[in-house]
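The values are calculated or read from the model by the stated rules, or taken from the named source; none is laboratory data. Quantities reported herein were computed from a predicted structural model and do not represent experimental measurements. As a convention, Cβ positions derive from the backbone with ideal geometry for all residues, glycine included, and neighbour counts pool all protein chains shown. SASA here: full protein model, heavy atoms, side chains in, ligands and nucleic acids out. Shrake-Rupley method; radii C 1.70, N 1.55, O 1.52, S 1.80 Å.
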Amino acid sequence: MRARGRDTGTRTAPRLFVAAALAIGATACATTHGRASEPASAPPAAAVGDTTRGATHGAASGRRRRQRQAKTPPPPKRAKVGERVPVQITYYCLQGTTRTDHPTREGIIAADPRVFPLHRHVELFRHGKSLGRFLVDDTGDLVRGHIVDVWVPSCHDARRRGRRRGVAVLLKKGVATEGLAATK
């Protein structure tokens, strides 16, 4: 937006200079909008790290925002065989093929391959009761970290069940298939 024939780009340059001077703790700055500024005897409190309520709001909140953005969560830890891993259990109903090119079916879950490797079996528990043994055969964009997404045939059922907390245990290779073959 232009302000009555003036170039607004030249008006923002002194503001940026003042903000940069305050950020690095300069004791004086030349001009602000054509008016001479008074030399400051010390940098403002916010420029030296004071984050009390009396400090200027913009500098302190910007610093906290940068610190928050710099902290990235650590990568999820791979589950060990027999280890109880707290997870969030969600449900999905998409028809089609899984990440490993198998058709979706009951007994399939989507999980983060960094935590639960593909082609392995996991037993899920909720409130100490087993929900069953599932094959990790799928992944998903929103399935990251300690989240498992159980396939169900009904989308209504998937929405009704929502998101729940539970525990997953990675099983040894071959153990889950032996148990499933005996029950069928």
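Values as computed for the structure displayed
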read-out: Unmet requirement for residue 143, which otherwise passes all of (1) touching a Lys or Arg at 6+ places or on another chain (Cβ under 9 Å); (2) buried (at least 18 other Cβ atoms within 10 Å of the Cβ); value: (1)
read-out: Residue satisfying all of: in segment 162-184; surrounded by 13 or more Cβ atoms within 10 Å (Cβ to Cβ) and at pLDDT 95 or above; nearest to residue 80 (Cα to Cα) among these; value: 170
read-out: Scan of segment 78-117 for residues that are of a type in the set (S, T, N, Q) and over 21 Å from residue 129 (Cα atoms), ordered by number; value: 95, 97, 98, 100, 104
read-out: Residue match in segment 92-109 (condition: touching a residue at least 60 places away in the same chain (Cβ under 8 Å), open to solvent by 30 Å² or more (accessible area, probe 1.4 Å) and either of a type outside the set (Ser, Thr, Tyr) or more than 21 Å from residue 175 (Cα to Cα) (or both)); value: no
